[in-house]
Amino acid sequence: MLEIDGSYGEGGGQLVRTAVALSAVTGKGIRVTNIRKNRPNPGLKQQHLKALETAAKICQAQISGLFPGSTELSFVPVEIKGGKYDIDIGTAGSITLFLQCIMPALPFAKEEVELTIKGGTDVAWSPTMDYLQHVTFSALKQLGYSGRVTLKEHGYYPKGGGKVSAYFKPCRLQGFHFLKEEEKIKGISHASNLPAHVPLRQAEAASTRLMEAGYPSQIETQSFEAFSTGSGITVWTGYMGGSALGKRGLPAEKVGKDAADEIILELRAGASVDTYLADQLIPYMALAGNSSYTVRELSLHTKTNIWVTEQFLDVNFRIEKKEGLFEVSVS
């Protein structure tokens, strides 16, 4: 059984998610200790539990340590099956982070996997659902990944209630060298149970800031009623994105500008992928082989994902500094 120190590097939930996904792929049983050891509230949270529980069902794994606050777990997979699953994360637990725990394993499933997931689609410290759809999946498609997600209803913190359907087919991953994509910036600005001017103001502020920086954009606005109240905006082009969420007392203009500033920082660096996508791609690139990208900075999340991935697979990532950018490659 492979021993994984859950406090290594970034030491958060992502380390556990990647370890479980690669355990499923390789068939190697794991014991993860010190889970989220240095966080204010250490151990597994509700959103982690649901992801691990689903991963165990999909690959018929024996799992222990599955309770709130657990700082140690063991996971012994058997075979990655397909099937249909209904999951309710509860509250506003992030659906995108939930998917990170199982998506790397699904190309190796015996049949299609269909998921209906309830939880948070737009919550702090996680990719928005629009980012997942338009940036992450755009990149994974280049690696031969076969899957799609459909946003049924937005769910904001703290009530959640968002709904997503997802569909994945077994597939053969292939290497890909990511290059900078030059496209017009697109975006979606949305708000639930709020005045219609809120998403409009978010979009206008983002569009103005982007144009000032020399980047024309086309941002769609959506105003609707849903179970939870909130707002957000995501902008993207190629393999880069920026997003921001509204909260009580924060002007809509500030939300829009923050999303624009996030992508402008990435675009000006001249890299091929943004810093958030960079860490998400690591396990897929290792499974596909012969892949590379450039990124403006090597985040602790990316370094941690590289370390975890190298524990499972016979690969070595190379990191080189070139013209102010980091080139990350695997052969």
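The values are calculated or read from the model by the stated rules, or taken from the named source; none is laboratory data. Just so we're clear, the structure is a prediction, and the values are computed from it rather than from any experiment. Virtual Cβ from ideal backbone geometry, glycine too; neighbours counted across all protein chains shown. Accessible surface areas use protein heavy atoms only, side chains included; no ligands, DNA or RNA. Shrake-Rupley method; radii C 1.70, N 1.55, O 1.52, S 1.80 Å.
Evaluated over the Cα positions of the range 1-150, the convex hull gives a direction-averaged projected area, one quarter of its surface, of 8.3 nm². Calculate, in whole percent, how much of the Cα-Cα pair population of the range 155-254 lies beyond 21 Å. Above the 21 Å cut-off, the range 155-254 has 45 percent of its Cα pairs.
Taking every alpha-carbon pair under 8 Å whose residues sit at least 6 apart, the range 199-326 reaches a relative contact order of 21 percent.
Considering only protein heavy atoms and a 1.4 Å probe, what is the carbon-and-sulfur percentage of the accessible area of the chain? After summing per-atom areas, the C and S share lands at 48 percent. Computed from backbone phi with θ = phi - 60° and the Karplus coefficients 6.51, -1.76 and 1.60, the 3J(HN,Hα) list for the range 73-87 is 9, 10, 9, 10, x, 10, 8, 7, 8, x, x, 10, 9, 10, 10 Hz; x is used for glycine and proline. Please work out the Kirkwood hydrodynamic radius for the range 268-331, using every pair of different C-alpha atoms, and report it in angstroms with one decimal place. Averaging 1/r across every pair of different Cα atoms and inverting gives 11.6 Å. DSSP finds beta bridges in the range 175-240, and of those with both partners inside it, around 50 percent are antiparallel.
In percent, what relative contact order does the chain have, based on Cα pairs under 8 Å that are 6 or more apart in sequence? Let's see the in-between values first.
Details: 849 pairs, mean separation 47.8, N = 331.
Value for the chain: 14 percent.
Where both bridge residues fall in the chain, DSSP classifies roughly 65% of the beta bridges as antiparallel. Taking all protein chains together and rolling a 1.4 Å probe, S207 ends up with roughly 40 Å² accessible. With one equal scatterer per alpha carbon and no solvent term, the Debye-computed log10 I(q)/I(0) for the range 8-61 at 0.13, 0.14, 0.15, 0.17 1/Å reads -0.31, -0.36, -0.41, -0.52.
Can you tell me the alpha carbon radius of gyration of the range 87-162 divided by the globular rule-of-thumb value 2.2 N^0.38 Å?
Numbers: Rg = 12.4 Å, N = 76, 2.2 N^0.38 = 11.4 Å.
In units of the globular-protein estimate, the range 87-162 measures up at 1.09.
In a fully extended conformation the segment linking R248 and D314 would gain 19.0 nm over its present Cα-Cα distance, using 0.36 nm per residue.
By a 1.4 Å probe calculation restricted to protein chains, E153 has an accessible surface near 70 Å², given to the nearest 10.
Centroid-to-centroid, using Cα positions, the range 105-138 and the range 3-50 are 19 Å apart.
Report the semi-axes of the equivalent ellipsoid for the range 97-236 in whole Å, largest first, where each axis is √(5λ) for an eigenvalue λ of the Cα gyration tensor. The partial results should precede the final answer.
Values: eigenvalues 160, 96, 19 Å².
Working from the Cα gyration tensor, I get semi-axes of 28, 22, 10 Å.
Taking the average, over residues, of other Cβ atoms within 10 Å as the packing measure, peptides 124-136, 189-201 rank 124-136, 189-201 from highest down.
Counting Lys and Arg as +1 and Asp and Glu as -1, what is the net charge of the other residues whose Cβ lies under 14 Å from the Cβ of R31?
Numbers: positive: K28; negative: E3, D5, E72.
Neighbour charge sum, excluding R31 itself: -2.
Mean projection of the Cα convex hull over all viewing directions, computed for the range 186-245: 4.0 nm².
Taken along the Cα-to-beta-carbon direction at a fixed 7 Å, the label points for E220 and V78 span 4.2 nm. Using only alpha-carbon positions in the chain, the gyration tensor eigenvalues give semi-axes of 31, 24, 18 Å once each is multiplied by 5 and square-rooted (largest first).
For K50, the lysines whose Cα falls under 19 Å of its own Cα, not counting residues fewer than eight places away in the same chain, are K81, K84, K118, K159, K163. Heavy atoms of the protein chains alone define the surface here; on that basis the chain has 43 Å² accessible area per residue at 1.4 Å probe size.
If the reach is capped at under 19 angstrom between alpha carbons, list the aspartates and glutamates near K169, excluding any in the same chain fewer than eight residues apart. Here the aspartates and glutamates satisfying the reach criterion relative to K169 are E79, D86, E111, E112, E114.
Using only Cα atoms, what Kirkwood radius does the range 200-331 have, in angstroms? Every distinct Cα pair counted, the radius reaches 16.4 Å.
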